[in-house]
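The values are calculated or read from the model by the stated rules, or taken from the named source; none is laboratory data. Bear in mind that the values here come from a model prediction, so they are computed numbers and not experimental data. When we count neighbours, we look across all protein chains shown, and the Cβ atoms used for this are built from the backbone with ideal geometry, even at glycine. Heavy atoms of the whole protein, side chains included, go into the accessibility calculation; ligands, DNA and RNA do not. Shrake-Rupley method; radii C 1.70, N 1.55, O 1.52, S 1.80 Å.
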Amino acid sequence: MSATLVGLTVLALCLRWAGDAGRLIQLVLVAGIFEAAAAFILGGFGLQPGLVPAAMLVALVGAQYLTGRRSVAELPTLYLMAPLLLLFAYAAVTAVLLPDAFAGRIIVWPQKFRGPIPEPLPLAPGQGNTNQVLYLAANVALACGTALALGRAGAVWNAVVRAYLFGGYLAVGIAAWEFASRTVGVPYPKELLQSNPSWGIVEQSLGSLPRLQSSFAEPSAFAFYLVGVAFACVALCLRGHRVMRADVLLVLVLVTAFLCTSTTGIAALVLGLPALLGSAALRGRKVELRRLLRRLALPGVAFVVLAAGLLAMRPQLLDVVEQVVVMTLNKGESESYAERGAMNQAAWSAFLESGGLGIGWGSTRASSAVPGLLSGAGVLGAIATVWFVARLRRAARLARATAPADHPARVVVDAFGAALAGQLLAALLSAPMITTPIFFAQIGAMTAAVIRMRLDTAARRRVAAQGAVPPGYMEPGLISGR
């Protein structure tokens with residue numbers, strides 16, 4: 001086993017905050033952006049940096065339970081996470097049983113290609129099943145550990161959202177560094193940021209325009225992350241949360257997503273952001289929309305002036321813009337689109353040929369979340385996923401409706417609720433199975449925020465029934481976390 005500079009840095013921070021669950025969660029949200037880097041390399045497998053603080057967090061929560069420290073969020077977390085736990089249980093069992101049952105009878109696209117040219121092959125049990133189940137186990141454990149840790153009273157909710165936005169600024173900054181390196185030759189630590197042997201990482205270009213991937217393995221993975229950040233920024237501005245100049249970050253993310261040239265990312269933003277604003281308009285939230293426009297006025301005008309100045313100095317940049325637009329509109333005619341379509345078609349066929357059972361978690365590669373989920377976990381996995389999303393969404397709406405407007409956990413529900421919606425939209429359009437630790441940390445944080453809002457509201461009501469409620473009062477038992 002060998003360690004990288006990224007891994008040693010993350011490990012040092014983990015050891016520094018080994019007893020602080022909140023800090024470890026923040027570290028997951030920041031270190032998780034370095035998807036193409038390896039923290040540690042074991043043979044041909046690279047451990048993602050985000051999984052190091054995730055493992056430390058799960059170990060910390062487990063140690064606290066062994067010493068008798070429980071969480072008031074325990075039963076509510078188990079209730080909300082039950083469908084996700086069901087999905088994991090079914091995925092783990094079928095990954096062992098179904099690849100053998102359907103071996104040689106169903107054609108799939110393997111997780112890792114054996115030759116230089118990707119091609120479908122007969123289904124055979126392999127390491128891909130084990131790896132994907134381990135990823136899912138780590139991510140589900142991370143979601144549950146995050147919910148249990150933050151579910152205790154006293155969580156610094158604003159700090160969690162700040163860490164997520166800081167990760168957004170950092171990813172955009174690395175993308176700008178990459179752009180400068182690939183256009184004017186600025187030194188760039190490519191070997192450090194793309195050191196994970198588990199990924200086949202290549203540089204891509206669109207004519208003379210480099211496709212940006214920042215610290216991610218490919219432009220589409222970077223775009224998937226940017227979509228979540230963009231949705232979170234819009235929600236924060238709409239709801240009036242002033243966290244790390246989310247308005248400025250939104251403008252930077254939109255520009256970077258355009259330069260990333262990922263059709264999935266651009267389509268998710270073009271479809272999702274107007275839908276988000278339209279939903280606010282239909283619900284009569286004119287004040288929120290005016291607030292968003294005011295917040296975006298200054299950074300938006302600054303960007304327009306800067307863009308106009310650049311176009312005036314270098315008119316050839318218009319050709320680059322035209323290239324991106326034409327490429328996006330003609331994506332359906334590209335070779336990569338045809339290959340991804342073949343992957344999805346094979347996944348659909350595998351699902352149907354398995355009789356709806358699926359062929360085992362990690363048995364086939366798909367380009368979109370729905371065929372990937374159905375082929376891997378079958379009808380039961382799809383039902384569990386929809387059940388979990390609906391249950392968490394309903395709990396969030398109830399918490400928003402009943403909790404005080406100034407409850408500190410609202411910022412997490414608003415930001416991460418929107419971010420998760422944006423990432424799910426991108427996955428539905430064209431994204432492989434979601435394995436990033438950031439996504440599951442957001443699920444856990446949002447679950448904890450919803451639970452905390454409901455517990456604190458119930459406590460205030462009990463005290464109100466007995467007399468006046470002092471400002472900011474919370475029941476002593478909830479404050480202690482017992």
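Roughly how many percent of the accessible protein surface of the range 1-137 is carbon and sulfur, given a 1.4 Å probe and a whole-percent answer?
Summing carbon and sulfur atoms, their accessible area is 68 percent of the total for the range 1-137.
A simple spin-label model places the labels of residue 458 and residue 370 3.7 nm from each other, with each point 7 Å out along Cα-to-Cβ.
For residue 162, neighbours were defined as the other residues whose beta-carbon sits under 13 Å from its Cβ, and their charges (Lys and Arg +1, Asp and Glu -1) total +3. Label sites at residue 96 and residue 352, each approximated as a point 7 angstrom past Cα along Cα to Cβ, lie 3.2 nm apart. Label positions at residue 74 and residue 156, each projected 7 Å from the Cα along the C-beta direction, are separated by 2.7 nm. Electrostatic bookkeeping for residue 79 treats Lys and Arg as +1 and Asp and Glu as -1; over the other residues with beta carbon under 13 Å from its beta carbon, the sum is +2. Accessible area of the range 231-273 with a 1.4 Å probe: how many percent of it is carbon plus sulfur? The nonpolar share, carbon plus sulfur, comes to 71 percent. In this structure, residue 180 and residue 8 have a Cβ-Cβ separation that, at R0 = 30 Å, corresponds to a calculated FRET efficiency of about 0.70. Entry comment: accessible area of the range 19-161 is 41 Å² per residue, from protein heavy atoms only and a probe of 1.4 Å. Taking Cβ atoms as reference points and 13 Å as the exclusive limit, the residues near residue 106 contribute a net charge of -1, counting Lys and Arg as +1 and Asp and Glu as -1.
For the range 185-263, report the accessible area per residue in Å² (1.4 Å probe, heavy atoms, rounded to an integer).
Dividing the accessible area of the range 185-263 by its residue count gives 35 Å².
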